[in-house]
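What follows is a single structure, written as structure tokens, with notes after it.
Each reported figure results from applying straightforward, stated rules to the coordinates on display, with no laboratory input. Note that the structure is a prediction, hence the values are computed from the model and not measured. FYI the Cβ positions are ideal-geometry reconstructions off the backbone, even for glycines, and counts take in every protein chain you see.
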Amino acid sequence: MKLDRYIRSIPDFPKKGILFRDITTLLNNKKAFGHTIDELAKLFKKRHIDYIIAAESRGFIFGGALAYKLNCGFIPVRKPGRLPYKTCRHTYCLEYGTDSLEIHRDAFPPNAKILILDDLLATGGTAQAMTNLVKKLKGKVVGIAFLIELTGLKGRDKLKNYPLYSLIKY
């Protein structure tokens, strides 16, 4: 199944000059969504993943489904102030400022095998922030996976120390 057929491209969203890749058309197609999860599972079924971590909000959609398929735990990574327990934070740079992500301090034990998952790889800032959170909590990143990779933005360069997978490349 050619998954890019299920991605809708919307010009000038959220601002002029941006070509937005809308995944809702993949998500609402049960065959395409199921195939996406199956393809991601094939990549990691022999890796003995302990936990999948994913950033809000669209990463949650894929992360929860894939965690179920791989029989592992799912850990949400959120923007500051949205997790109820003690957290570990990582702040990172964007083109226009900074942003931060948080994870619960007790999200996983030391040496846990972690798969980082998100819907989109653009500049790599969010995924790199998640690798830093895993390091702070002494976990081991065994791979990073995306539904879509925007190759022209070179986000892969920030993540070159990890096995990286993307199902669709633009």
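A few notes on this one:
- Those residues of the range 43-85 which are assigned to a helix (DSSP H, G or I) and loosely packed, with under 14 Cβ neighbours inside 10 Å, in sequence order: TYR68
- Residue in the range 25-42 that is closer than 20 Å to ILE168 by Cα, part of a loop (DSSP other than H, G, I, E, B) and either charged (D, E, K, R) or touching an Asp or Glu at 6+ places or on another chain (Cβ under 8 Å) (or both) present: no
- Residue pairs meeting the criteria (Cβ under 8 Å; at least 6 apart or on separate chains; first closer than 16 Å to ARG58 by Cα, in the range 9-31; second surrounded by fewer than 10 Cβ atoms within 10 Å (Cβ to Cβ)): PHE20/PRO11; PHE20/PRO14
- Restricting attention to the range 124-145, the residues that are touching a Phe, Trp or Tyr at 6+ places or on another chain (Cβ under 8 Å), within 15 Å of PRO109 (Cα to Cα) and crowded, with 23+ Cβ neighbours inside 10 Å total 1.
- From the list ILE116, ILE148, ILE168, the lone residue that is surrounded by 20 or more Cβ atoms within 10 Å (Cβ to Cβ), on the phi < 0 side of the Ramachandran plot and over 13 Å from the mean Cα position of the chain (by Cα) is ILE168.
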